1. Among Ser207, Ser69, which comes first, then next, by fewest other beta-carbon atoms within 10 Å?
2. Does the range 258-395 come out rounded, prolate or oblate by the C-alpha gyration tensor, with a ≥ b ≥ c the root eigenvalues, rounded set by a/c under 1.5 and, if not, prolate when a/b is larger than b/c and oblate if not?
3. What is the dipole size for the chain, taken about its Cα centre, with +1 at each Lys and Arg Cβ and -1 at each Asp and Glu Cβ, in debye to the nearest 20?
4. To the nearest 10 degrees, how steeply does helix 276-289 sit against the main Cα axis of the chain, on a 0 to 90 scale?
5. Rounding to the nearest 10 and keeping the result within 0 to 90°, find how far the Cα-based axis of helix 14-24 lies from the longest principal axis of the chain.
6. Could you name the aspartates and glutamates in cross-link range of Lys381, using Cα to Cα under 16 Å and dropping any fewer than eight places away on the same chain?
7. Listed highest first by mean packing, meaning other Cβ atoms within 10 Å per residue, what order do 155-165, 53-63 come in?
8. Taking the Cα atoms only, what angle lies between the long axis of helix 87-102 and the longest principal axis of the chain, rounded to 10 degrees?
Amino acid sequence: MSLLQPKMLRPMSTSEAIAYAVKQANVDVIAAYPITPQTIIVERLSEYVNNGELDAEYVAVESEHSAMSACVAASLTGARVFTSTASQGLALMHEVLYVASSLRCPIVMAIANRALSAPINIHCDHSDVMGSRDAGWVHIFVENGQQAYDRVFQAFRLAEDEDVLLPVGINLDGFFLSHAVEGIATISDSKAATFLPPRKAKYYVDSSMPMTFGAFALPDWYFEIKHQVAIAMEKVPKKLEEVEKLYYQMTGRIYGHVGAYKTEDAEVGLVCAGSAAGTAKYAVSRLREKGIKAGLLSIRLFRPFPVESILPHVKDMRALVVMDRAMSPGAPSAPIGQDIKTMLYDAGLRRNIPVVNFVYGLGGRDISAAEFEEIVTKVAKDVKARRRIQRGTIYWGLRS
């Protein structure tokens, strides 16, 4: 993970690691409403503010819609702003997510991914963020607590870059990560301050210099204004690379837009996002021992979708197994499956590389290394026998 050996690992849950990083990032405003399983993040931050460890304004609001509204207002004053939510909370924010991106507010939000009702379920899947994936936010998935901690600093630096100025969501699997404890290699407060100096907004609300934000736009200009979000999003991959290189020089840790494992000569590629990547990595190692040339691609930067980082790894593969922890009822494929298929089609590879899209793990149902092995083994056998690969969406582990 690191070229620099840390002097000490702090045992923390991923939620606590995020809160600690936010404290070190010296945010100015936190606006939040508690919801399982993200509550620990904002509880810890409220403690930091209350005991004087963090000089920030903590706004306890009446709903997640209000939380994001307060974040937008604070960000427009030039403040560094953080919030956190999950599931129904993110859904309630939905209206304001578009406001945040279009007003170019560099808010950072941790999303403890959780299933959406009904029925009520407090456990992990990616339905919440997939319902908001087109709101103009940069979205990053993390696989463990260390990545979550490191990505907080990177997210603020990326979001506040004058060429980006977009909000960033850090997605961590609810309970699988949010409540899991591991040793976190932290950086010193002085290093955090060097990497992430105070925000200096170029444009902000100032009573001495009146400006208008979010004014009414008629058809003659609305399209062009919204298109600016797309232009900024196109700059994200290169900017994130630059941010990661600087962070690597300080810590020896770098993650990239995708995590690739044994993809160099892989015939069947396994694609997933979030905490399942660790299990999938182990499964790929087991498959290799059995003579099956499997490889893993973990999607870390999800929006914008990192096409240029994925294509070199998959262009010579004979099949892809795409795992989605969310479904899109009525769509040809689930969310990541749709992006992968579009990428291959645009690259002229859709006929050459069949894609099998699996929906798995809804409502917190776990998936084991043995199950990953079973899935990839079946596809690998079909590839070897030159049989037609099954298409469409397969609901893995669904009770009949």
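Each reported figure results from applying straightforward, stated rules to the coordinates on display, with no laboratory input. Here the structure is a predicted model, which means the values were calculated and not measured. Note that we place each Cβ from the backbone using ideal geometry, even for glycine, and neighbour counts take in every protein chain shown.
1. On the way: Ser207 5, Ser69 18.
So the residues, fewest neighbours to most, are Ser207, Ser69.
2. On the way: a/c = 1.23, a/b = 1.06, b/c = 1.16.
It is rounded, given that a/c, with a ≥ b ≥ c, falls under 1.5.
3. On the way: 43 positive and 43 negative charges, 356 e Å.
Result for the chain is approximately 1700 debye, rounded to the nearest 20.
4. The angle comes out at about 30 degrees.
5. With rounding to tens, the tilt is 40 degrees.
6. Glu267, Glu289, Glu371, Glu373
7. Numbers: 155-165: 20.9, 53-63: 14.9.
With the highest mean Cβ count within 10 Å placed first, the list reads 155-165, 53-63.
8. Helix 87-102 sits roughly 70 degrees off the main axis of the chain.
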